[in-house]
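Novice: Handing you a structure now.
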Amino acid sequence: MTKTFLLEVGLEDMPAGVIANTEKQLIDKTKSFLTEANLTFTEIIGYSTPRRFAVMVKELAEKQPDETLTVRGPAQKIAQDEEGNWTKAAIGFSKGQGGSVDDLIIKEEKGKPYVFIEKFVPGKSAQEILQGMEQVILDIEFPKNMKWGNFSYHYVRPIHWLVALLDDEIVPFEVFGVPTGRTSQGHRFLGEAVEITIPEEYESLLEKQAVIPKRAERQAMIVEQIQDLCKQHNWIVPTLKSELLEEVTDLVEYPTAFYGHFDKDYLQLPSVVLETSMIDHQRYFPVRDEKDQQALLPYFISVRNGNSEHIENVARGNEKVLTARLADAKFFYAEDQKSEIVEFVEKLKNVAYHEQLGTIYDKQNRAVRIVDVLADHFNLSGPEIKELKEIAAIYKFDLVTQIVDEFPTLQGRIGGIYAREHHLSDNIAHAISEQYLPLSQVDSLPKSILGKYIALIDKLDTLIQFFSIGMIPTGSNDPHALRRQAVGVVRLILALDVKNLDFIKLMNEVVEVSNLPEKRMDQLDENMRALNDFILARLEQIMKTDYNLSYDIRQAVLAAKNDNLTRMVKAGERLEQHKGKENYKELVESITRILNITNTNGNAGQINEQLLETDSEKELVKVTTQLSKIFTQTTDANERYLALEKIHGPITEFFDHNMIMVDQPEIKENRLTLLNNLANITMDFADFSQLIV
């Protein structure tokens, strides 16, 4: 016989951003709890609203299965005396297991006789086990917790009620002094307290109290209602499948969509300003014309947490709030139009970048100098250098505009808009608007080539400056988002895909033109090594998540003796592609044998062909020369790997017919030099000794 279990945690309104994850955690942790308790079930259904998260467990076993356990006791020679009588050790063991010496049996284990006892362990009831769900609730993790009253408790929000029902019986336990019961709460304004008799009534009873407990159902209602409004007015809502929809879903318990309008004169503002006012500040859905999808319309759609009663008043109230915000934006925009870009740039002299790193104006000046470094490493054309320097000289100017002061998330984008308004080229404007990309490991990269370059310059400068003063992220502490900057550097370099880019050399030259003060020089080498390791750690993370490279392959290519990030990734892809093939194992083992010898013996250099004694030795010299030529001619990972595959046979033949540590010193050193030459070539691809076969 199976049962249905319901657990609901009712609390004050949670932040929208944590609700979906909280529901998932409750499902996952409940599943783990029941599995570890050996209670079977068929399905766990999750629920969540701003004021609750819950699970319903279907077809839950009534109790654990009974078990018969065989427990080993002391060895027979300890459990029985010479006459075969039970000793105190045996009697104590049997009593400790809830039995008597009559229950003891003797069996051999690993060739030695021991006493054993078999005991029956009845399974615990689900009612008893589920009282441990208190810990499941406490184990849920949140980005931030709060403390309330005089209590020492810390949780996302104060808990006000708990429902825990196994069929029609309450499962008794407490969390933060709140006992479980069968009483839930309806909508804050449209509902009331409701008594739940059995779990199966949960959804229907809450819906009668204006609560839609299923998140997906609530979201589907929002989408359907918005689509109906759009159909009526020939609108489209580009943000209908976005983070905004996810957030709005978690702001309401009973959604009702409505629309409002604003004065069309506000459409003169840049569309990003209008959309940011609506989306970021008010959680409204902007609408566009169905026929001209680029045309923003003077309307918005919002979602009320409640029914349609007096919806016209609600719409008017929201219109007033939005109008006030747009009026402010219009004023700030008009004020910005009174200044030239050069005036904004001049103001940057008074904007601190960091107390130890000067001003934003100083950062721009460094960016101009870094352009020359990039020009050499990325083979920039004359026109690209000219435009990139123009960009670098002004790209932060929008930080002192009034619009960005009011809408900080628009930095960069406003710069691009204002650049066009001041008749700068589309290339320059577009690059300025993309300077902060990518914002994360999954965010879009700049689309324009100049956008990629200025974003790379900006991120490299940020990393070098902060690391040069010893501000290196540790643990989760990263107040200046340097991990995000480093991820951006790696992704941009991989996207630019320059074949012979030496990343260490690039970094060193950027440091040189940065004109760092003398007081930073003492620790500079150490800090720059830390920065290199920091960036390589981000590269490894990207290799794992974006390229699905195995751990050993990641370590092998990161240990390669080249400083080209793209080459490392492509070498890793080739190794992953060939991993598991028979010749892969042979190749790895043969190159690893060479690396093990050369790690502590000899050096690379010129081979004395007069000292070559065997055909296999001469063949390996020939193969090494050919391999070196190929590695010099191409950086293509596939061509290099195919060339490496051909050296397995000659390496095997060499070791079959030649001793390395011979008595003649000149022959020994010549052979070690040959192996070191070959090892150095393979190390430009990967450290094969790190690979697992």
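Novice: Limited to region 347-364, what total is found for residues that are polar (S, T, N, Q), touching a residue at least 24 places away in the same chain (Cβ under 8 Å) and assigned to a helix (DSSP H, G or I)?
Specialist: Of the residues in region 347-364, 1 are polar (S, T, N, Q), touching a residue at least 24 places away in the same chain (Cβ under 8 Å) and assigned to a helix (DSSP H, G or I).
Novice: Which helices (runs of 4 or more DSSP H) does region 39-130 wholly contain that include 1 or more residues that are in contact with a helix residue (DSSP H, G or I) (Cβ under 9 Å, 6 or more places away or on another chain) and either among the polar types (S, T, N, Q) or surrounded by fewer than 18 Cβ atoms within 10 Å (Cβ to Cβ) (or both)?
Specialist: Correct list: 76-79, 88-96.
Novice: Then there's this: Determine if region 603-614 includes at least one residue that is under 28 Å from ASP552 (Cα atoms) and in contact (Cβ under 8 Å) with a residue 24 or more places away in the chain.
Specialist: Yes, there is a match, as at least one residue in region 603-614 is under 28 Å from ASP552 (Cα atoms) and in contact (Cβ under 8 Å) with a residue 24 or more places away in the chain.
Novice: Continuing with the same structure: Looking at region 428-443, which of its residues are of a type in the set (Gly, Ala, Ser) and modelled with pLDDT under 95?
Specialist: The one that is of a type in the set (Gly, Ala, Ser) and modelled with pLDDT under 95: SER440.
Novice: Being closer than 23 Å to TYR418 by Cα and touching a residue at least 12 places away in the same chain (Cβ under 8 Å) is the filter here, so list the residues in region 372-392 that pass it.
Specialist: Passing the criteria: GLU384, ILE385, GLU387, LEU388, LYS389, GLU390, ILE391, ALA392.
Quick grid of which residues meet (1) modelled with pLDDT of 95 or more; (2) touching a strand residue (DSSP E or B) at 6+ places or on another chain (Cβ under 9 Å):
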| residue | (1), (2) |
| --- | --- |
| ASN21 | yes, no |
| ILE27 | yes, yes |
| THR30 | yes, yes |
| LEU34 | yes, yes |
| ILE44 | yes, yes |
| PRO50 | yes, yes |
| ALA61 | yes, yes |
| GLN64 | no, yes |
| THR68 | no, yes |
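Novice: For region 365-393, which positions are surrounded by fewer than 21 Cβ atoms within 10 Å (Cβ to Cβ) and either among the small types (Gly, Ala, Ser) or not in a helix (DSSP H, G or I) (or both)?
Specialist: Matches in region 365-393: ALA375, PHE378, ASN379, LEU380, SER381, GLY382, ALA393.
Novice: Would you mind listing the helices (runs of 4 or more DSSP H) fully within region 577-659 where at least 2 residues are touching a His at 6+ places or on another chain (Cβ under 7 Å), more than 15 Å from LEU674 (Cα to Cα) and not polar (S, T, N, Q)?
Specialist: Where helices (runs of 4 or more DSSP H) fall fully within region 577-659 and carry at least 2 residues being touching a His at 6+ places or on another chain (Cβ under 7 Å), more than 15 Å from LEU674 (Cα to Cα) and not polar (S, T, N, Q), they are 582-598.
Novice: So ILE311 ticks every box in (1) hydrophobic (A, V, I, L, M, F, W, C); (2) more than 36 Å from the chain's Cα centre (by Cα); (3) buried (at least 17 other Cβ atoms within 10 Å of the Cβ) but one. Which box is left unticked?
Specialist: Against the list (1) hydrophobic (A, V, I, L, M, F, W, C); (2) more than 36 Å from the chain's Cα centre (by Cα); (3) buried (at least 17 other Cβ atoms within 10 Å of the Cβ), ILE311 comes up short only on (3).
Novice: Considering every residue within region 411-423, establish whether at least one is outside any loop (DSSP other than H, G, I, E, B), without any contact (Cβ under 8 Å) to a residue 60 or more places away in the chain and among the hydroxyl-bearing types (Ser, Thr, Tyr).
Specialist: No, region 411-423 contains no residue that is outside any loop (DSSP other than H, G, I, E, B), without any contact (Cβ under 8 Å) to a residue 60 or more places away in the chain and among the hydroxyl-bearing types (Ser, Thr, Tyr).
Novice: Name the residues in region 232-245 that are surrounded by fewer than 14 Cβ atoms within 10 Å (Cβ to Cβ) and either over 17 Å from ASP292 (Cβ atoms) or touching a helix residue (DSSP H, G or I) at 6+ places or on another chain (Cβ under 7 Å) (or both), would you?
Specialist: Of everything in region 232-245, those that are surrounded by fewer than 14 Cβ atoms within 10 Å (Cβ to Cβ) and either over 17 Å from ASP292 (Cβ atoms) or touching a helix residue (DSSP H, G or I) at 6+ places or on another chain (Cβ under 7 Å) (or both) turn out to be GLN232, LYS241, SER242, GLU243.
Novice: Of these, ASP426, ASP458, which one is among the acidic types (Asp, Glu) and closer than 24 Å to LYS349 by Cβ?
Specialist: ASP458
Novice: Please enumerate the residues belonging to region 173-199 that are surrounded by 14 or more Cβ atoms within 10 Å (Cβ to Cβ) and charged (D, E, K, R).
Specialist: Result: ARG182, ARG188.
Novice: Here's a follow-up. Would you say PRO172 is touching a residue at least 24 places away in the same chain (Cβ under 8 Å), assigned to a loop (DSSP other than H, G, I, E, B) and over 20 Å from ALA20 (Cα atoms)?
Specialist: Yes, satisfied.
Novice: If you don't mind, there's one more thing I want to ask. Would you list the helices (runs of 4 or more DSSP H) that sit entirely within region 468-555 and hold 1 or more residues that are acidic (Asp, Glu)?
Specialist: Correct list: 503-513, 524-545.
Novice: Which residue out of VAL513, VAL588, VAL569, VAL557 is β-branched (Val, Ile, Thr) and within 30 Å of GLN356 (Cα to Cα)?
Specialist: VAL513
The values are calculated or read from the model by the stated rules, or taken from the named source; none is laboratory data. Everything numeric in this text was worked out from a predicted model, so none of it was measured. Every residue, glycine among them, receives a Cβ derived from its backbone with ideal geometry; neighbour counts consider all protein chains shown.
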